[in-house]
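The values are calculated or read from the model by the stated rules, or taken from the named source; none is laboratory data. Source: prediction; values computed, not measured. No Cβ is skipped: glycine too gets one built from the backbone with ideal geometry, and neighbour counts run over all protein chains shown. To get the accessible areas, we keep the full protein, side chains included, count just its heavy atoms, and leave off ligands, DNA and RNA. Shrake-Rupley method; radii C 1.70, N 1.55, O 1.52, S 1.80 Å.
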Amino acid sequence: RPLSIDRHCIVSRESMSLVLVLTLAGVASTGTPVKLIIDTDFGGGGCNDVDDVVAVAAANAMADNGEAELLAIVQNTAPVQCAGAISVLNHYYGRDAVPIAAYNVSTPGATLQMEDPLPYVPLLGSTFPSPIKNTSEIGEAVAMYRRVLAAQPHRSVAISSIGIHTNLAGLLKSLPDQHSSLGGEALVADKVFRLAVMGGKYPQSGVTGPECNVCGGGRNPHNHAVASAASSYVAAHWPATSELIWSGFEVGFLVQSGGANFQKCPVASKNSPVKAAMVSYENGPNKSRYSWDPLTTLVAVRSIKGVPSVTSCNCDGANVINPFTGGNVWVPGKATNQTYLILKDGAAAGDAIDTLLCQVPKHLQH
């Protein structure tokens, strides 16, 4: 499959080589649903991809399985129609009650300029039913984060970050409010036990340039600056008591999902917004896509050990992100709460994602 420029701020194909060790994938469940928040650039304004659709669908399928409890989905980019497309997915899976919120594009010192959504966003909104159509109908993401987190037990929430880090930076900087007397960092430390981030390249971005989630996609210089600063802040200020897992470009690049293995399943009918988004993005049926975001979401819910197709780097140190360029480097050092993923079996990882996509939504099962 051709390499999409949208996953980079600067691209060099020659530098993208990776040797993998193969293993088999499996699924582990503790029996207690993981409380999950998804923070996504679904449909545009960040990496401009379709794997967010696959990630949100996979999360809903895991919720159907009792693996996850979907607490909220927050949009971290500017396009106003994207929230409506997220609502289409939630409605398809029977989860209209899951709250959706969006980044405040007028945030002082971190404004975002408007960008157009991908074509599948208005397609989903005009073709499939949903209670929400655009961001004018929903609340602000940082306020949603604070309200939802404050209501959860101690260290019970996992976050899948599959977009730019505007919301997360805003959460960390947030002040006490009516929902919690804790400031942002303290609230995260008290409530969030795991943050899985699709962002960066490991052990460093180097000459290939920054990965698009940490730099905002590179199309808009202003948004690039805001996104890079936000990513740097999150990497530097995420509480040490919360596990921080980085899933790099090089991992999801070698995992395919959403193609023929899914689209030949009975569930992939004309009634499936997941199939519609995939066919729109790929300009035809039965074409798969790189799986950066769904794999990250699998790890957020199942843990690294629960996704046998990946493993931890087992390397002490921390990820450092340049606040101006979005470039990143893993800096070896003392043991921290951070690690990054190593892929063991891309085919098995893709199969695990497609298995979730092939599930009939639970509320439609007879």
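Could you grab me the full set of residues in region 271-289 that are open to solvent by less than 10 Å² (accessible area, probe 1.4 Å) and either part of a helix (DSSP H, G or I) or under 18 Å from Gly44 (Cα atoms) (or both)?
The answer is Pro273, Val274, Ala277, Met278.
Taking Val148 and the conditions (1) more than 19 Å from Gln338 (Cβ to Cβ); (2) touching a helix residue (DSSP H, G or I) at 6+ places or on another chain (Cβ under 7 Å), which numbered condition does it fall short on, given that it satisfies the others?
Only one criterion in (1) more than 19 Å from Gln338 (Cβ to Cβ); (2) touching a helix residue (DSSP H, G or I) at 6+ places or on another chain (Cβ under 7 Å) is unmet by Val148, namely (2).
With the checklist (1) buried (at least 24 other Cβ atoms within 10 Å of the Cβ); (2) out of contact with any Gly (no Cβ under 6 Å at 6 or more places or on another chain); (3) assigned to a helix (DSSP H, G or I) in hand, flag the one item Ala186 doesn't pass.
Of the numbered conditions (1) buried (at least 24 other Cβ atoms within 10 Å of the Cβ); (2) out of contact with any Gly (no Cβ under 6 Å at 6 or more places or on another chain); (3) assigned to a helix (DSSP H, G or I), the odd one out for Ala186 is (1).
Looking only at residues in region 260-286 that are in contact (Cβ under 8 Å) with a residue 60 or more places away in the chain and over 20 Å from Pro122 (Cβ atoms), which one is nearest to the chain's Cα centre (by Cα)?
This residue is Phe262.
Could you tell me which residue of region 131-151 is nearest to Asp41 (Cα to Cα), considering only residues that are open to solvent by 20 Å² or more (accessible area, probe 1.4 Å) and hydroxyl-bearing (Ser, Thr, Tyr)?
Thr135
Pick from region 80-129 the residues that are within 17 Å of Ala59 (Cβ to Cβ) and touching a His at 6+ places or on another chain (Cβ under 9 Å): which of them is least open to solvent (accessible area, probe 1.4 Å)?
Filtering region 80-129 for residues that are within 17 Å of Ala59 (Cβ to Cβ) and touching a His at 6+ places or on another chain (Cβ under 9 Å), the one least open to solvent (accessible area, probe 1.4 Å) comes out as Tyr93.
I'd like the residue in region 339-359 that is open to solvent by less than 20 Å² (accessible area, probe 1.4 Å) and not in a helix (DSSP H, G or I) and, out of all such residues, is farthest from Val53 (Cα to Cα).
That would be Thr339.
Inside region 152-175, can you point out the residues that are part of a helix (DSSP H, G or I) and open to solvent by 20 Å² or more (accessible area, probe 1.4 Å)?
Gly170, Lys173
Could you please find all residues in region 310-329 being within 30 Å of Ala225 (Cα to Cα), open to solvent by less than 20 Å² (accessible area, probe 1.4 Å) and either at pLDDT below 95 or not polar (S, T, N, Q) (or both)?
Gly317, Ile321, Gly326, Gly327
From (1) open to solvent by less than 20 Å² (accessible area, probe 1.4 Å); (2) under 26 Å from Val197 (Cα atoms); (3) not in a helix (DSSP H, G or I), pick out the condition that doesn't hold for Ile304.
Only one criterion is unmet by Ile304, namely (1).
Restricting region 236-258 to residues that are open to solvent by 10 Å² or more (accessible area, probe 1.4 Å) and aliphatic (A, V, I, L, M), which is farthest from Tyr103 (Cα to Cα)?
Leu254
Of everything in region 217-235 that's over 13 Å from Asn322 (Cα atoms) and open to solvent by less than 20 Å² (accessible area, probe 1.4 Å), which residue is farthest from the chain's Cα centre (by Cα)?
Asn223
Which one of the conditions (1) of a type outside the set (D, E, K, R); (2) over 21 Å from Gly206 (Cα atoms); (3) part of a loop (DSSP other than H, G, I, E, B); (4) in contact (Cβ under 8 Å) with a residue 24 or more places away in the chain does Ala335 fail to meet, given that it meets all the rest?
(4)
Residue by residue through region 79-106, note down the ones that are under 12 Å from Phe42 (Cβ atoms), in a loop (DSSP other than H, G, I, E, B) and hydrophobic (A, V, I, L, M, F, W, C).
none
Quick check on region 259-270: of everything there that is of a type in the set (A, V, I, L, M, F, W, C) and in a helix (DSSP H, G or I), which residue is least open to solvent (accessible area, probe 1.4 Å)?
Looking at residues that are of a type in the set (A, V, I, L, M, F, W, C) and in a helix (DSSP H, G or I), I get Phe262.
Which condition breaks for Asp293 when tested against (1) among the charged types (D, E, K, R); (2) open to solvent by 10 Å² or more (accessible area, probe 1.4 Å); (3) touching a helix residue (DSSP H, G or I) at 6+ places or on another chain (Cβ under 6 Å)?
(2)
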